[in-house]
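The values are calculated or read from the model by the stated rules, or taken from the named source; none is laboratory data. These figures come from a predicted structure and were not determined experimentally. Because the Cβ atoms are built from the backbone with ideal geometry, glycine has one as well, and the counts that use them run over all protein chains shown.
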Amino acid sequence: MLNSPRDSVSPRLRVRHTGFSLLELLVVIVIIGVLVALLLPAVQKARESARKVQCRNNLKQIGVALHNYESLFTVLPPSSTSDIDHGIWSPSPTQYHLHSAFSLILAHLDQGAMSRKMDYEASALSPANTAAGGTVLSFLRCPSYSGEKFSHEPKYFTVSKSLAIRNYVVMGATTVGKLWKEPDGVMFPRSRTRTADIVDGASQTFVIAETREQNASVWIDGGVAAMVSHPYDDASPPNYARPVLGLNFTPYFDSKGHAVDAGYGPSSQHPGGALHLFADGSVHFLSDRVNVDLYDAMTTRAGEEAE
C-alpha cells in the first residue's frame, strides 16, 4: 500500500523551532537599547518640565503672599527684620530679631497654623522658633532641587542641627557693597519699600530668585535671606563685586570665615538658568547667559535704566 503524502514527509522536515537564535536575541536587545536611549531624554525632559511648572507655581504663590502682606502693612516685607550686620555669625545671634521675609509671609501662604507656632516677639533663631525653623516647607522648595533638606553650616549648629533650607532668595541689591550701604533692590534688611517705589516698573524688576545654596539658606533666618546679582570679591571695595553675573556662578560668596559662606547665590538645578519672581507677580525664566548689565537693571528698583 502506498504511503500517504503526510507519511512521505521526513520527520526532520516537520520540526518547528519555537525559540530565538542567539543572533535574533542580540538584535532585539540592541533595538530595545536604542529605543530606551531615544525615549529616556524625552521622559526626563517631560519630568523636568513638570517640576519647572511646580516651581513656577511656588513663586507665584509667594508673589501673591507678598502683595497680600503689602495690602495689610502698606509695605513689602524686608528680607530681614534686623540690620545687615546681624546674623548667625554674630557672637550672640539670638539677641537679634532676624525674621526673614519668608517667615513674615507665612500667614499669607495658607500657613496660619505654622504662623501661630512662631514667636514673632522672639529671635527667629531662639529656642522658641527652632522647631518651626526645622520644618521643611514644600512651597519653599524647588522640585528639581536634589540637595539637602537642612543646613550643614556649623554656625547654625550652635542653635539647632536641623534648620530647614529654602530654594528661593530675596534679591536685595546688585552688589554686597550696595546691600551693605545703599541697597538698590526692592527688599533688603529693614526695608520699607512699597510697590509704588519701584520706579523702574514692577514688570521690569524681580524681587525673588531661585537658589541651590545648601548652607546659607535657612528659611527662617533673615540674616541670609538677601543675595545680590554679582559674586562677592573681598579684594574689590567698595562694592566687593566680581564683574560677572552671579546667576549659577560658584563660589558665590567666600568671606574668609567672618560670615556664612555660600557656594551659590541666585541659581537653580533647572538647566541653563533660574526662575525669577517679578514685582508684578509674574514669573520668568532667565538664562545664566543673560547680559550682566541687564540682570543688574532688573535687580534695581530705581536704576532708571533704558529699556
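Let's see how each residue does on (1) on the phi > 0 side of the Ramachandran plot; (2) touching a helix residue (DSSP H, G or I) at 6+ places or on another chain (Cβ under 9 Å); (3) assigned to a helix (DSSP H, G or I); (4) at pLDDT 90 or above:
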| position | (1), (2), (3), (4) |
| --- | --- |
| R12 | no, no, yes, no |
| F20 | no, yes, no, no |
| L25 | no, no, yes, no |
| I31 | no, no, yes, no |
| R51 | no, no, yes, yes |
| K60 | no, no, yes, yes |
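Residue-by-condition table, conditions (1) hydrophobic (A, V, I, L, M, F, W, C); (2) closer than 25 Å to K161 by Cα; (3) more than 23 Å from the chain's Cα centre (by Cα):
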position: R194; (1), (2), (3): no, no, yes
position: G201; (1), (2), (3): no, no, yes
position: Q204; (1), (2), (3): no, no, no
position: V207; (1), (2), (3): yes, no, no
position: G223; (1), (2), (3): no, yes, no
position: M227; (1), (2), (3): yes, yes, no
position: P238; (1), (2), (3): no, no, yes
position: D254; (1), (2), (3): no, yes, no
Practice item. Kindly list the number of the only condition in (1) farther than 23 Å from R47 by Cα; (2) at pLDDT 95 or above; (3) surrounded by fewer than 19 Cβ atoms within 10 Å (Cβ to Cβ); (4) not charged (D, E, K, R) that fails for G272. Key: (1)
Point to revise | Within the range 60-106, tally of residues that are within 18 Å of the chain's Cα centre (by Cα), surrounded by fewer than 20 Cβ atoms within 10 Å (Cβ to Cβ) and under 20 Å from M227 (Cβ atoms) | key: 1
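Run down G246, G223 and say which single residue is surrounded by 21 or more Cβ atoms within 10 Å (Cβ to Cβ), of a type in the set (G, A, S), modelled with pLDDT of 95 or more and assigned to a loop (DSSP other than H, G, I, E, B). Reasoning before the result, please.
On the way: G223 fails: assigned to a loop (DSSP other than H, G, I, E, B).
Only one candidate qualifies: G246.
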Review point. So D233 clears everything in (1) touching a helix residue (DSSP H, G or I) at 6+ places or on another chain (Cβ under 9 Å); (2) without any contact (Cβ under 8 Å) to a residue 24 or more places away in the chain; (3) surrounded by fewer than 16 Cβ atoms within 10 Å (Cβ to Cβ); (4) of a type in the set (D, E, K, R) except one condition, right? Which one?
Key: (3)
Check your understanding: Is it the case that some residue within the range 112-130 is more than 20 Å from F150 (Cβ to Cβ) and β-branched (V, I, T)?
Key -> no
Check your understanding: Would the range 105-127 turn up any residue that is under 26 Å from P266 (Cβ atoms), touching a strand residue (DSSP E or B) at 6+ places or on another chain (Cβ under 8 Å) and not hydrophobic (A, V, I, L, M, F, W, C)?
Key -> no
**Study point:** Only one of Y168, Y240 that is in contact with a Gly (Cβ under 6 Å, 6 or more places away or on another chain) and buried (at least 18 other Cβ atoms within 10 Å of the Cβ)
**Key:** Y240
Practice item. Kindly indicate the residue of the range 283-307 that is hydroxyl-bearing (S, T, Y) and either part of a helix (DSSP H, G or I) or surrounded by 15 or more Cβ atoms within 10 Å (Cβ to Cβ) (or both) and also farthest from the chain's Cα centre (by Cα) among those meeting that condition. Key: T300
Exercise for review: Scan the range 80-107 for residues that are under 17 Å from E121 (Cβ atoms) and part of a helix (DSSP H, G or I) and jot them down.
Suggested key: P93, T94, Q95, S103, L104, L106, A107
Study note, to complete from the structure: Of the residues in the range 135-157, those that are of a type outside the set (S, T, N, Q) and touching a Cys at 6+ places or on another chain (Cβ under 8 Å) number 2
Revision key, fill the gap. Just one listed residue, out of A274, A235, is in a strand (DSSP E or B) and within 30 Å of F157 (Cα to Cα), and it is A274
